[in-house]
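Okay, so here's the structure we're looking at.
Quick note: the coordinates plus some simple rules give every number you see, no bench work behind them. Remember, it's a predicted structure, so these values are computed and weren't measured experimentally. So basically every Cβ, Gly included, is an ideal-geometry build from the backbone, and we count neighbours across all protein chains shown.
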Amino acid sequence: MSDLVGASSLVSSALKQEELFPIREVARLTGVNPVTLRAWERRYGLIQPTRTESGHRLYSQVDIESVRSILAWIERGVAVSKVGKILAKSSSIKSASSPIYEEVSASEWGEWQAQMRRAISAFDEVRLDQLYGQVFSSYPLPVVFQDILMPLWQELLLRQDDYGQTSEWLFLDTFLRARTLQRLQVLRTQVEERVLLAALPGHCRELELLVAGLLLSSADTAVSVLGLGQPLEELTLICEKMQPQALVLFSNQPPSDDLPKVLTRLALALNCPLVMAGDGADLAEESLSGSPIACLGNEGRLMQRRLQQFLAGHLDT
């Protein structure tokens, strides 16, 4: 019991020390004006800031990350009225840890991101590489990419219109692509069983595809990532020659109306099972229900496990 009390005290102390931001500062950090932030709260319930005794809104680092997630979905063409359902689903499949601990973790991740922003702003690759190594020694791979690195990458991507931001995003993007490719190559030399990963044309950027490859890889299965722009009509030929365990199609965009028909035709022509992953998989799951195509979702902590379940015949489609 004393251990639990001690842990609770540590969590409470950490939360008290967590920095909270007024609405104008959140607007500056995210590029979303205060009127829109209030509308997202009142009309759609997308964010729930705390309030001071005088009624002023204060936003945590978790709230700021939520704002950036909302922006990312809107950039992909999802109506703001539908974003809440997507965020709720994503939140429900995350780690079942206490929300208090999640807030503390988000605060820690925010500190790492702040250090990385300074290294990126200085175009200091040596310092960025040091931080990259330290983060990997502190957290498991899904946390490193999904909670620390990719949100920072997405933040810089959304700010590309500001002077200097394109250069900073390119600096980080080039850095992460090189190191992600290196990790994938090491994994491919260690495992014989292979899964192919390809992007739906125009549905993601290269780094997002490479990171998905890492998140899907395991001690039993290596992932070979096909180049961005891979034509769908040639996937049958590639699978015939490479004989993979499965073909995973990756998408971070809302699915088109004809996507279920396109994927069903492709699945019938392949000599291996067809799977979908990424944010687009969550959006397409209902329309693909009952088809031979499985959906792994977009949550790095579960994508790998769902893929293994599917390959073993234990995941429903």
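Here is how the numbers come out for the structure above:
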read-out: Of the chymotrypsin sites (Phe, Trp or Tyr not before Pro) in the stretch 34-72, those whose Cβ has at most 16 other Cβ within 10 Å and which sit in DSSP loop; value: Tyr44
read-out: Amide H contacts under 5 Å for Val223, placed H, 5+ residues apart; value: Val195
read-out: Beta bridge orientation in the chain: antiparallel %, DSSP, nearest 5; value: 20 percent
read-out: Zone residues, the stretch 116-131, relative to Asp162, backbone N less than 17 Å from point 7 Å out along Cα-to-Cβ; value: 116-123
read-out: Förster radius 35 Å - calculated FRET efficiency between Phe123 and Ala88, Cβ distance, rounded to 0.05; value: 0.35
read-out: Relative intensity, log₁₀ I(q)/I(0), of the stretch 192-311 from a Debye sum that treats every alpha carbon as a point, q = 0.10, 0.18, 0.21, 0.23 Å⁻¹; value: -0.24, -0.86, -1.25, -1.56
read-out: Convex hull volume of the chain per residue (C-alpha atoms, cubic angstrom); value: 160 Å³
read-out: Cβ-derived FRET efficiency at R0 30 Å, Glu234 paired with Thr189, nearest 0.05; value: 0.70
read-out: Calculated log₁₀ intensity ratio I(q)/I(0) where the Debye formula runs over C-alpha points of the stretch 14-179, q = 0.09 Å⁻¹; value: -0.32
read-out: FRET efficiency for Lys241 and Glu41, using Cβ-Cβ distance with R0 set to 45 Å, rounded to 0.05; value: 0.30
read-out: Cα convex hull volume per residue for the stretch 270-313 (Å³); value: 72 Å³
read-out: Cα centre as origin, Lys/Arg/Asp/Glu Cβ charges: the stretch 192-311 dipole, Debye; value: 180 debye
read-out: Relative contact order for the stretch 121-261, counting Cα pairs under 8 Å that sit 6 or more residues apart, in percent; value: 23 percent
